[in-house]
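What follows is a short report on a single structure.
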Amino acid sequence: MHRPRNVGWARAAALLYGDWGTSKAYVLGLAFLAARFASFPIILAVCALTGLVGYNYIIICKHFPDGGGVYSSAREQSRVLAVLGALLLLADFIVTAAMSCWDAMSYFGFSREHVRLATAGFILLIGFVNYFGPKHSGSFAISLAIPMALVVLAIIFFSLPHLTFAHLEPLHTSFRKNWVNFADVILALSGVEAIANLTGVMKLDTKATADAPKVGVTAAKAIVPVAFEVVLGTAFLGWAMLSLPQSMSETIENRYEDILRLLGDHYATLAFGPSSGHAFGLVVGVVVGLLLLSAVNTALGAMIGLMYMLGRDRELPRPFTRLNSHGVPWLPLVTAIALPLVLVMLAEDLDSLADMYAIGVVGAITVNLGSACFNKRLGLNWPERTIMVLTFAILFAVEITIAKTKPAALFFATCVLGAGFALRWYAMKRAGLETVTLTREMSVVIKPERLAELRPNLSPGQSILVAARGFTPVLRYALEEARLRQGMLYVLYVKELAVSLPGPLANPERPRWQHDRQAAPIMSGMLELAEEAGVRVLPVYAVSENPAATILDLAATLGVDILMLGSPHRRTLASLLKGNVVTEVADKLPENIQLLIHG
């Protein structure tokens, strides 16, 4: 069984743009707050790092065709590291939901006195919509991504005659100050992790198969245009922002939360007059605000899915996997709504939310790239590994810088990690699991994957097919198992023909077990015993010159879970095992059907 791969590169790009493409809506204003008119080199440096991270995620997607998010990537190295990366990503999603919704309210024109309440209200509204499950998110993302891209192009086009370097100021002489400012604007990376989680549903590359999936080409087609738009769009819009007159410095500081709307209003006014400029500013506000709300919806859905996945893997308590009537995990849904709401109520403004934002997104990307570049199984070539190690080193340094210079961000991340690992400890304790230290040789023998294969499956409704030549002990055993598993029991009797008659005379009428003197007593007896035991039994009778092929065909056609074969005595069983029937059945039986030989 495989997940349906129905997301092409265009839809994947739209979903990525719906998260990654929103970064420019707040990054530029935050860059101005950090370095004012000296921020252009910092913006360019962040754009370069953004493009570098985009290239690394093309590699990640190529090597993880079934999902290359930080949790999947780090899990190949360590379960603890995977949970660490997942919790950092969860911290990123929490702030994404709060920050994107807050910024959307600013673009919609809410005053600072009312933006907090409006943000809380929209988070509750989007959370209520998610109660009924996500639907058509890809098409919705495409419908918002196209207007956003057009708005960005329009602002750049209107600003082209007015772009200048006259207002730019030199960087600070202190490397430490410039590096800290660079870490403040690193939010342009936000959203790139979304593409790695889509590889499991992307359309396969040409000549790839479900058993050997490859999505490197599809992922590259999705990432490259979005990366170009994010990098070039952020650079040109940053230049347009810094081309505004220095007399507008206070206005830019006051409007940093909706800087794109300010740019659209200003440059459209210069091109067409005040009324047209104001109208275009309103359009920019609505388009950007809606895309930011789409990012909120994406973040809430990602939080729900991430917590459900952790609960399913027993990294969080089992209640995190319980679904509502619409198939949505209700406890992750409540948590995904509550955490951003708490953050909104505690935050002072967008800048305070941004302080807590970067530590999650940078940490998650760092763990993902670090896990991949040191994973020998991936078989990275030396240019790929070199670039990934370099990117990992830069992001690791940025993460340390954020933890050192932003106490609120460190406190927030510590709270998320502490609560997450505490819930993990509680889940493991309730499940009776303990952490022990083993040698490498022993760990190979008792891998969790192998233990999962040994976990008993006693779910009701399993069907059993038993094939017997007489009243053998396997029939009683089959009745016992069918009663235990509360499933259907098919009793098969195959009458073997040494000669096959060709043409219409081969089967003048459908053979019936009631007309077979050997099969009739077996079927009648099993029906009687089944009625006493309360088991549903269905007799199956076949005439064949190849019993093994008939047994295989019926087992697959009926879709049984267990196939049982038996013999009167164990010595007979030993000789039977040497024969062709059991050997052929064992060789060709599908892996999802268990084979039991009873004697």
Q: With 31 Å as the limit, write out which pairs from Lys207/Lys376; Lys376/Lys429; Lys24/Lys177; Lys203/Lys376; Lys62/Lys177; Lys24/Lys406 have Cα-Cα distances beyond it, or answer none.
A: Lys376/Lys429; Lys62/Lys177
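Give me the extension gain from Phe374 to Ala586: residue separation times 0.36 nm, minus the current Cα-Cα distance, reported in nm with one decimal.
Result: 72.2 nm gained on full extension.
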Q) Of the peptides 388-400, 359-371, how do they stack up when ordered by the mean number of other Cβ atoms within 10 Å, highest first? A) 359-371, 388-400
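Considering all projection directions equally, how large on average is the shadow of the alpha-carbon convex hull of segment 190-326, in square nanometres?
That works out to 13.4 nm².
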Q: Would you kindly find the accessible area of Phe320, with a 1.4 Å probe and non-protein molecules such as ligands, DNA and RNA excluded, rounding to the nearest 10 Å²?
A: 20
Q.
Can you give me the orientation-averaged projected area of the convex hull built on the Cα atoms of the chain, in nm²?
A. 36.1
Q.
Taking a ≥ b ≥ c as the square roots of the Cα gyration tensor eigenvalues, with a/c under 1.5 meaning rounded and otherwise prolate when a/b beats b/c, else oblate, which class fits segment 289-389?
A. oblate
**Q.** Computed accessible area, Cys415, all protein chains, 1.4 angstrom probe, square angstrom
**A.** 60
Q. Expressed in nm to one decimal, what extension gain is obtained for the pair Arg476 and Asp351 from 0.36 nm per residue of sequence separation less their Cα-Cα distance?
A. 37.8 nm
Q) Given the convex hull over the Cα atoms of segment 1-139, what projected area results after averaging over all orientations, in nm²? A) 11.6
Q) Ignoring ligands, DNA and RNA, how do Trp425, Trp513 rank by accessible area with a 1.4 Å probe, largest first? A) Trp425, Trp513
Q: Quickly work out the Trp179-to-Leu538 label distance, labels modelled 7 Å from Cα along the C-beta direction, and quote it in nm with one decimal.
A: 7.1
Q: Could you please put His515, His598 in sequence from largest to smallest accessible area, using a 1.4 Å probe?
A: His515, His598
**Q.** Highest average packing first - 147-158, 16-27, Cβ atoms within 10 Å
**A.** 16-27, 147-158
Q) Can you pull the three principal axis extents for the Cα set of segment 23-93, in Å, largest first? A) 45, 25, 18
Q | Area of Thr164 that stays accessible when all protein chains are in place (1.4 Å probe, Å², to 10) | A | 40
**Q.** Relative contact order %, the chain, counting alpha carbon pairs below 8 Å whose residues are six or more apart
**A.** 19
Q.
How much length would be gained if the chain were fully extended between Phe272 and Ala431, taking 0.36 nm per residue of separation minus their Cα-Cα distance, in nm to one decimal?
A. 50.5 nm
Q. Taking the simple approach of a point 7 Å from Cα along Cα-to-Cβ for both Asn6 and Ala419, what is their distance in nm?
A. 3.5
Q. Largest first, how would Arg116, Arg318 line up by accessible area (1.4 Å probe)?
A. Arg318, Arg116
**Q.** Lys/Arg +1, Asp/Glu -1 at C-beta; the chain dipole; positive extreme among Pro473, Met307, Met526
**A.** Pro473
Q) Dipole magnitude of the chain about its Cα centre, charges +1 at Lys/Arg Cβ and -1 at Asp/Glu Cβ only, in debye to the nearest 20? A) 1280
Q. Label points 7 Å out from Cα along the Cβ direction at Leu153 and Thr405: separation in nm?
A. 3.6
Q: Determine the per residue accessible area of the chain with all protein chains present and a 1.4 angstrom probe, expressed in square angstrom.
A: 49
Q. From the square roots a ≥ b ≥ c of the eigenvalues of the alpha-carbon gyration tensor of segment 350-431, which class results: rounded (a/c under 1.5), prolate (a/b over b/c), or oblate?
A. oblate
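The values are calculated or read from the model by the stated rules, or taken from the named source; none is laboratory data. In this text, all values refer to a predicted model and were calculated from it rather than measured experimentally. Neighbour counts are summed over all protein chains in view; Cβ atoms, including those assigned to glycine, are modelled from backbone coordinates with ideal geometry. Heads up: the accessible areas ignore ligands, DNA and RNA and are worked out on the full protein's heavy atoms, side chains in. Shrake-Rupley method; radii C 1.70, N 1.55, O 1.52, S 1.80 Å.
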